[in-house]
1. Taking 0.36 nm per residue of separation and subtracting the Cα-Cα distance, what length does fully extending residue 404 through residue 505 add?
2. Ignoring ligands, DNA and RNA, what percent of the 1.4 Å accessible area of the range 1-114 is carbon and sulfur?
3. Might you work out the accessible area of residue 410 for me, using a 1.4 Å probe with all protein chains in place, and round it to the nearest 10 Å²?
4. With point charges of +1 on the Cβ of Lys and Arg and -1 on the Cβ of Asp and Glu, referenced to the Cα centre of the range 48-186, which listed residue (174, 147, 51) lies farthest in the positive direction of the dipole?
5. Whole Å is fine, so just give me how far the alpha carbon centre of the range 60-111 lies from that of the range 312-358.
6. Give the ranking of 546, 364 by solvent-accessible surface, highest area first, calculated with a 1.4 Å probe.
7. Starting from the residue with the highest accessible area, list 502, 539 in decreasing order, probe 1.4 Å.
8. In the calculated pair distance distribution of the range 440-546, what percentage of Cα-Cα distances lie above 15 Å?
Amino acid sequence: MASQNQLSYIKGKKVLMVGAGGIGCELLKTLALSGFQDIHIIDMDTIEVSNLNRQFLFRKSHVGQSKAKVARDAVLKFRPHISITPYHANVKDPDFNVDFFKQFNVVLNGLDNLDARRHVNRLCLAAEVPLVESGTTGFLGQVTVHVKGRTECYECQPKPAPKTYPVCTITSTPSKFVHCIVWAKDLLFTKLFGDKNQENDLNVRSTDATSSSEHVEDVFERRKDEDIEQYGRRIYDHVFGYNIEEALSNEETWKNRNRPKPIYSRDFLHDEIAQQNGNVDKDCAAGDPSSVSAMASLGMKNPQDIWCLKENSRIFMEAFKLFFMKREKDIGNLTFDKDDQLAVEFVTAAANIRASSFGIPLHSLFEAKGIAGNIVHAVATTNAIIAGLIVIEAIKVLQNDTNNYRMTYCLEHPTRKMLLMPVEPFEANKSCYVCSESPLTLEINTHRAKLRDFVEKIVKAKLGMYFPLIMYGAALLYEVGDDLDEAMVANYAANLEKVLSELPSPVTSGTTVTVEDLKQELTCNINIKHREEFDEEKEPDGMLLSGWTQASSVEKDDNKSNGNGGSTSNASQALPVEAEDNVEMDVPSGKKRRLSEISDQDLLGVTDETKNHEKLEVVDDDDDLMMLDGDPGLNKRKRMQ
């Protein structure tokens, strides 16, 4: 419960929570018990069984129901006299516009994706409502405060792009288990069970190279009169045997690499095993499709066991057959879902077989699911700590206690006996295109790239504008909206298929394009620079957006120590403690110390922590940790004055 003085600020204040998951459950409970009386919650998700181990407001009987509504009902049982308004909806829906946000005194985020975070940040800026942002990944967590005109916004520091891998590595030369997972999930699973008309990089090896016919057979197509067992073995032999032999024929590739080993079904799937599997299939044929499991069919129970190659081969074939026997109507429309048991089993087995071929250590289903589903398993205690810190910062915001705002980072291992590391907020980045409206520069081949490429790859994917209006001077090139007449829609659709230099108002090198999102009330100017060629591996989009950079370094006083920036350089993407000379941080004794006064040994725990985090190529599925970019020792930012 807040103090009497704090209660006077809390009373009558209207709070918006976005997200009712791992952090959201803890946050709603803490807000209610702290004295907040008017709380609104937005969450589009429904409750899943996997939520129940940490989202304590939910019970098994609630599975399938709205998180926001069930969370409200649960809290009202012990705080019946407060007002909680739930919205089972997407925060990006048109109803949640700037005017909607203006009614709140503070917005508290407990989201699980970058797009939604960016959207809320922009609405808060437009509505001039303070935002308290948060996230957790395992034992790591953070809470940051963003107040327009006082601190940097959520987007002042570019966030790390999702981890991607070169296609040639995935298809030809995997060296890590995650490469095998990506191959199994995004290529093989999609090719077999997803959209048959969608091209993917397995197509290049999906035909018999010995055939001279122009109309060669696609091996992924099931032949007439071919039973499921034969079909599955043929796919197995093609992707794990024939394709590997084809790859080995290129001697140059393997000069400095370990040569992979072709694997064929005859070596691990004998006739008696196939017959046994078929019998088990029939025994399981009457179950609920959502509970179909290859492991259950084969009597394998522990998801933390690491299967041998023979077991992986049996799981592969069993899962393959169960898809056709139990879920045939879904084939052609399936996409990988981490909560789909059969899909996870198939992908785990396929990834392990490929890993075995390339000499990569095998993983358990539990581990493979974490990688395939981009999961760092959530820790309820971290969520509770972060929720408490959110409420503390929210109360400071409502009191307008700007001098005591803190960005706080929760660590896994103590640093100077601290598990919570608070630092003062920083000023807005003057090069931020969101809150400072600085122009960006786009290098693009204006004679080849279409307006559609610009819209999809830059405006939507990079800038996060989903209802854009694009102008060059006074000419309107593209617009999205429900109020457009048919002629306008047809005109803009035609523009999408034109290259930039051939638009009605040609976009060429030296021109400036203005992009607006009226729902976010955000405007961005982009300077166009023509460029002929791009590196396909490093710049796969065929364009390069720049100008959105880290805040420039603050000039140092020559009399001051250089601090410990170097000691935390490995922490650039994991622990965003900006080691500026005059940044102070609170230590448990209550004494404030400059970061420059803390020794390398003191920060060793921070460095170790961040090294571990750098190895993570996945984020929590529930409330992921979005750490700030940049080397704390090199990219220094001004403290909030």
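The values are calculated or read from the model by the stated rules, or taken from the named source; none is laboratory data. Model, not experiment: these values are computed from the prediction. All Cβ positions, glycine included, derive from the backbone under ideal geometry; neighbour counts span all protein chains shown. Heads up: the accessible areas ignore ligands, DNA and RNA and are worked out on the full protein's heavy atoms, side chains in. Shrake-Rupley method; radii C 1.70, N 1.55, O 1.52, S 1.80 Å.
1. Working: separation 101, 0.36 × 101 = 36.36 nm, distance 5.12 nm.
Here the answer is 31.2 nm.
2. Of all accessible area on the range 1-114, carbon and sulfur atoms account for 47 percent.
3. 10
4. So the residue furthest toward the plus end is 51.
5. Answer, in whole Å: 37.
6. Numbers: 546 45, 364 5 Å².
So the residues, ranked largest to smallest area, are 546, 364.
7. Numbers: 502 130, 539 30 Å².
Per-residue accessible area, sorted high to low, gives 502, 539.
8. Details: 3489 of 5671 pairs.
Percent of Cα pairs beyond 15 Å in the range 440-546: 62.
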